[in-house]
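Everything below concerns the one structure shown next.
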Amino acid sequence: MDRHSAVSAHRLSPGVTDWRSRLGLAPGWQTQALAVALGYYLAARLGLAFTLQPHPISTLWPPNALLAAALLLAPTRAWWWLLAAALPAHLAAELQGGVPMAMVLGWFVSNCSEALIGAGLVRAFVPGRLRLDSFRNAGIFLPCVVLAAPLLSSFLDAALVRLIGWGEGEYWELVGARFFSNVLAEITVGPLILTWAAVDFARLRGARFARILEATALFAWLLVVCVVVFDLPQTNASVAPALFYAPLPFLLWAAMRLGPAGTASALALMTVATIWGAVHGLGPFAGGTPQEIAREMQLFLTAVAVPTLLLAVALEERSHAQRDATEQRKQLTHLSRVAMLGELSGGIAHELNQPLTAILSNAQAAQHFIANKSADPEVLVEILHDIITADQRAGEVIRRLRALFKRGETQFQPLEANELVEEVLGIMHGDLVLRAVEPVTQLAEGLPAVQGDRVELQQVLLNLVVNACDAMAGTPPEARRLTLRTRIVEKGWVQITVVDCGPGFAAEHYEKLFEPFYTTKPQGLGLGLSISRAIIRAHGGRLWGSAATGRGASFHIALPGLPPKG
């Protein structure tokens, strides 16, 4: 065994793997621990910078929220080493201010208790990683992490301060100050970390330039507005309250266009700008005592953040539901198309059998001529030409079938209605022969092109043709006539009509035919016409039925025509 193999074997040793697994050390745990430690230290320094002197409690204390978010993103068995990784960072940040070691350790215990309470409560309802992409998850996060965890840990924090004797203030005053500070931190930092942890960065890198430009403009304008409102001296205090909500349009913009991650980032930007101004004696919150300034800012920022974040989550959940519905519609459309092609298998086999039989017959004839040495070169050339023609015909049938069987993204392109009709009749040729149905085409000339997906429009036409053939099953063979016509109607729309000679339907039944699971066929599912109407609506058109003149039924497709080029 070479050196490289020995090292690899050592790394993959079952004993080492089991030992790490028992301790909850996932691959790359060193990097995660370093990230938590560095983030905690920077968050602590930021919290100290946001302290309104001489008020000893920070207006916003992010380390607790950072720890809670880290626990929510990690498996439960990894929580102990994530908390351990934060201890050196906590000591490095707090001991610089001359705080006694007992108080430093006490604050670390209260910080960890807040993170553990919040993460533990959430984990009781959400087994895995918490994603703020649904109203349910947001409804769990807010009461558990933003409300309950800061409240319960504040009792412990204030008790430790009073017990150790570091700091001033009554017990309940300390509880209130720490509670509001931690609530603001949880609603600001927690969603910021959780939402960005769920972002698909590969998709983000592929975002359109217009979307990147829009996000840049939003944050630039939000920063300008926040600076003007919260970071400049206020000369008229009576006007200041009216300016508090100047950033609101940009927050709503972020909620509607950038999702929870963009909204959390916008809220964090506004929070930092507001506190920075107050700490430096600027903005509408300046002028009171540190306790009053801190409480007013915390209530204001929390009141803005909660509904804005909920709006972003609700819109994101709705967007996911729409994407899921679209994906399910695509799957159902594809499955319906495959099922319909299964019904046409007999006709497809017949359509393929004809060219294959011709190829076999011509090949046997050529073999006979060559064996008897009586082959005329011109005859052989003609036989080979027939073989090539039959092969091309079979290949065209297979090509069309592959396109129908394949499930791909909808691709809109200019299409000719007459070509669609001819292609569908080509696919149905074998089935029409087996059913003894005579196809008749009445195709108008000079029709404008329509914008659509070829395969999906073929599926709609195939469904209408198959339904027409099924409706004529009880009609005498000599009367089984299928008519397909195209024409241009008002406002430049193109109409395709499929007419059969079957028994038809009562006028009140035509709309019911398009309802899901309504069918007149013994073996039918009742989805064909419903899916067909959904496809046509997605193309901006209409699909409806009517009674044919005399006997039978008519189904019509109307699609908007494209304007002529030039």
### Query
Given R₀ = 56 Å, FRET efficiency for LEU147-ARG454 by Cβ-Cβ distance, to 0.05?
0.50
### Message
Just the number please: accessible area per residue for the range 126-215, 1.4 Å probe, all protein chains included, in Å².
### Response
52
### Summary
For GLU292 and ARG203, extending 7 Å from Cα along the Cα-Cβ vector and measuring point to point gives, in nm, a value of 4.9
### Message
If R₀ is 22 angstrom, what is the calculated FRET efficiency for the pair MET256 and VAL224, using the beta carbon separation as r and rounding to 0.05?
### Response
0.65
### Query
So what is the accessible area of the range 245-290 per residue, in Å², with the probe set to 1.4 Å?
36
### Query
For the range 79-183, which whole-number percentage of the solvent-accessible area (1.4 Å probe, protein heavy atoms only) is attributable to carbon and sulfur atoms?
72
## Note on the structure
Checking rank on 84-96, 455-467, with mean other Cβ inside 10 Å and highest first, the result is 455-467, 84-96
### Query
So what are the ³J(HN,Hα) numbers for the range 463-469, from phi and the Karplus equation (6.51, -1.76, 1.60; θ = phi - 60°), rounded to whole Hz, Gly and Pro as x?
4, 5, 5, 4, 4, 5, 5
### Under Karplus coefficients 6.51, -1.76 and 1.60, residue-wise ³J(HN,Hα) of the range 69-86 in Hz, glycine/proline x
5, 4, 5, 5, 8, 10, x, 4, 5, 9, 5, 5, 7, 5, 5, 5, 5, 7
### Query
What ranking of GLU170, GLU317, GLU114, GLU422 comes out by heavy-atom accessible area, probe 1.4 Å, highest first?
GLU170, GLU422, GLU317, GLU114
### Summary
Burial-style ranking of 262-274, 149-161, average other-beta-carbon count within 10 Å with highest first, yields 262-274, 149-161
### Task
Filter the GluC sites (Glu not before Pro) in the range 207-306 to those in DSSP coil with at most 12 other Cβ atoms within 10 Å of their Cβ, and list the result.
none
### Task
Give, in nm to one decimal, the length gained when the segment between GLU214 and PHE412 is fully stretched (0.36 nm per residue of separation minus the Cα-Cα distance).
68.6 nm
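The values are calculated or read from the model by the stated rules, or taken from the named source; none is laboratory data. Since this is a predicted model, take the numbers as computed values, not measurements. Note: ideal-geometry Cβ built from the backbone for every residue, glycine included; neighbour counts use all protein chains shown. Accessible surface areas use protein heavy atoms only, side chains included; no ligands, DNA or RNA. Shrake-Rupley method; radii C 1.70, N 1.55, O 1.52, S 1.80 Å.
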